[in-house]
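A.B. asks: Below are the structure tokens for one structure; questions will follow.
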Amino acid sequence: MRRLSPRSKRSATEGQPPTTDELLRSAIAQKRLVEFVLDGCRRLAEPHDYGVIGGVPRLFFYQVGGESRSGNPAGWRWALLPKISELEILERRFAGPRPAPTGRHVHWDELFATVSPRGFRATT
């Protein structure tokens, strides 16, 4: 699977590789798959929502491949940003929103990026 080189993107800090924040905002805006390590498992995912709940930055994603400790690699997952490593944006795109697992959406304290068309306005 082809990856977009992190070095090909410019970070807000000149000459530095992009931050996790910058990569997630970009991947969500472009509806691109991401690959990362979470809890010792390499995951292939569609990033859907990125923001803060309870003072903790989080990613809500749909895992489409890779590894999972639960045995089933496909499905909705949460990630605390400090636990994500080796994040890469892939060239492959995904269609966009999927139905929420419970039919309800989570209340975010602050939502930085989302693929859902629910009157969202990004915060900086």
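The values are calculated or read from the model by the stated rules, or taken from the named source; none is laboratory data. The structure displayed is predicted, hence computed values, not measured ones. Heads up, the Cβs are rebuilt from the backbone with ideal geometry, glycines too, and the neighbour counts pull from every protein chain shown.
A.B. asks: Just checking, how many residues over region 62-84 are over 11 Å from GLU35 (Cβ atoms) and touching a residue at least 40 places away in the same chain (Cβ under 8 Å)?
C.D. replies: Number satisfying all stated conditions: 3.
A.B. asks: I would also like to ask the following. Mind telling me which of the residues ALA45, ALA27 ends up being modelled with pLDDT of 95 or more, surrounded by 15 or more Cβ atoms within 10 Å (Cβ to Cβ) and under 15 Å from SER85 (Cα atoms)? Please lay out each step first, then the result.
C.D. replies: Values: ALA27 fails: under 15 Å from SER85 (Cα atoms).
ALA45 is the lone residue from the list that is modelled with pLDDT of 95 or more, surrounded by 15 or more Cβ atoms within 10 Å (Cβ to Cβ) and under 15 Å from SER85 (Cα atoms).
A.B. asks: Can you list the strands (runs of 3 or more DSSP E) lying wholly within region 49-105 that have 2 or more residues being surrounded by 11 or more Cβ atoms within 10 Å (Cβ to Cβ), modelled with pLDDT of 90 or more and touching a Leu at 6+ places or on another chain (Cβ under 6 Å)? It would help to see each step written out before you state the result.
C.D. replies: On the way: elements: 56-66, 75-80, 84-93.
Per the criteria, 56-66, 84-93.
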